[in-house]
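Accompanying notes for the structure given below.
The values are calculated or read from the model by the stated rules, or taken from the named source; none is laboratory data. Note that the structure is predicted; figures quoted are calculated from it, not measured. Heads up, the Cβs are rebuilt from the backbone with ideal geometry, glycines too, and the neighbour counts pull from every protein chain shown.
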Amino acid sequence: MNLWGGRFTKPTNQLVYDFNASIKFDKTFASQDIKGSIGHVKMLTKQEILTQEEGQLIEKTLKEILNEVENGTLEIDESFEDIHSFVESTLIDRIGDTGKKLHTGRSRNDQVALDMRLYTKDQIEMLNTLLVDLLKTIHKIMKEHVDTIMPGFTHLQKAQPITLAHHMGAYFEMFKRLHDIYERMDYCPLGSGALAGTTYPLDREYSAEILGFKGPCLNSIDGVSDRDYLIELLSAMSTMMMHMSRLSEEMIIWNTNEYQFIDLDDTFSTGSSIMPQKKNPDICELIRGKTGRVYGALMGFLTTMKGLPLAYNKDMQEDKEMYFDALNTTKGCLQLLSDMLKTTTFNKEKMKKSATGGFTNATDAADYLVNKGVPFRDAHGIIGQLVLYAISQNKDLDELTLEEFKNISDVFEEDVYQAIDVNTCVNKRNTIGACGQEMMKKVIALNEEYLKQF
Ligand code: ARG
């Protein structure tokens, strides 16, 4: 069925038809399209634009179509231009002329805007569920590792000792920061018509309410041309992918033979076809790699929207394929990362050993001198000399004798060993947000409260 034949004297060129058609991808939101139509018909009936009999017949038939589409007994015919014409035509096939009244007071412009919003609201809920699972996984690791000491890095050089709970806690904060997109997009465009509203006495508040929105969009031009919520969600997904990619990169490094901080479970690793010894972190690499794809969807669609005059333009049909792909990619990665973390073993001994070497306690040695009255800048210089000397002796700071310490500065006493012990370095850092056990436990409890809302 063509929705717009009347004004034309010739059939559409086949290439044009195929180029223009969207059914291959907009069938993704077939359910939302039919649910939107059910809402519309309810409102038309309440407003007496349709009779009770007409309304009930259309509603009942749409519900049957919805059921059949969802259980797969009704196959979507891809020779139609889009999902909207397929549903309308199926309705008319089943109930004749009454079906032709469904599109009263509606345009495909507000219809597709509604469908995408309904679909996106469902998707945000799915993303949130997966995100909460990931947060819970990270929280569990934090709880189990408040005393697992590891090196913290800057410039990928060992910097100061921290704990695994502290390191994973950084990711907990990152994944907590999902924008409040749902709240901002929760307005219903239905009733915007093609762009100017309609001449029928529609009840837009009622449509919005029965379709589960906070209220109607307040400008019909914006209603049909707003795609900001897709851009915001693509941006949030890009941020999520970036965080997942960074953690994946760290896991790749931690999993190397040089680090051996973690062991990836066999079920989450892959082998090599030639090198029998290999156990590769392909899942981490794929999450890192797929990040580019989600950024691509964001960049692509921002570019599509740039320069579009108000209101609807067919360019906007390009809001679908890459967006659906970005959603599938992000959901898949969230699930995989969470499941992979659940099965990963953390090698406490290796982490602690690594944190103890490499002068990670140099800042604490300087702080020791400051506490004995040496100005910080001087203390920094003294410890620099001490490190240089220790390197020449192939020793760590805590392996130097007190005499060696004193050769550099006579402020050093026996208590320096206690002050630069790795446990002291970690647990003396006890301000909010730092790695000390006491403070970590407080933050973990706060996050436990946060997770209770889900
Ligand atoms: N397939 C179209 C889209 O996704 C539906 C809206 C069509 N509207 C129009 N005026 N041709 O944007």
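Quick notes on this one:
- Pairs with Cβ under 6 Å, 6+ apart, first in region 7-23 and closer than 17 Å to HIS84 by Cβ, second within 13 Å of the ligand (Cβ to nearest atom): ALA21/GLU81; SER22/ASP82; SER22/GLN317; ILE23/PHE80; ILE23/ASP82; ILE23/ILE83
- Among (1) in contact with an Asp or Glu (Cβ under 6 Å, 6 or more places away or on another chain); (2) within 23 Å of VAL426 (Cα to Cα) - the single one THR343 does not satisfy: (2)
- One residue from GLU75, GLU48, GLU70 being in a helix (DSSP H, G or I) and either more than 16 Å from the ligand (Cβ to nearest atom) or among the small types (Gly, Ala, Ser) (or both): GLU70
- Any hit, region 344-357, residues being under 23 Å from the mean Cα position of the chain (by Cα) and either modelled with pLDDT of 95 or more or under 30 Å from LEU164 (Cα atoms) (or both): yes
- Criterion (of a type outside the set (Asp, Glu) and either surrounded by fewer than 14 Cβ atoms within 10 Å (Cβ to Cβ) or over 30 Å from ASN257 (Cβ atoms) (or both)) met by exactly one of VAL422, VAL370: VAL370
- Residues of region 80-137 that are within 16 Å of the ligand (Cβ to nearest atom), among the basic types (Lys, Arg) and assigned to a helix (DSSP H, G or I): ARG108, ARG117.
- Taking each residue of region 435-454 that is surrounded by fewer than 13 Cβ atoms within 10 Å (Cβ to Cβ) and looking for partners that are among the aromatic types (Phe, Trp, Tyr) and modelled with pLDDT under 95 with beta-carbon atoms closer than 8 Å, six or more apart or interchain, yields nothing.
- Region 409-434, residues that are in contact (Cβ under 8 Å) with a residue 40 or more places away in the chain, out of contact with any Phe, Trp or Tyr (no Cβ under 9 Å at 6 or more places or on another chain) and among the β-branched types (Val, Ile, Thr): VAL422, THR424, VAL426
- Answer from GLU438, GLU403 - the residue that is at pLDDT 95 or above and over 19 Å from ASP147 (Cβ atoms): GLU403
- Hey, LEU164 more than 30 Å from GLY105 (Cα to Cα) and surrounded by fewer than 20 Cβ atoms within 10 Å (Cβ to Cβ) or not: no
- Counting the residues of region 103-154 that are closer than 23 Å to LEU44 by Cα and charged (D, E, K, R) gives 5.
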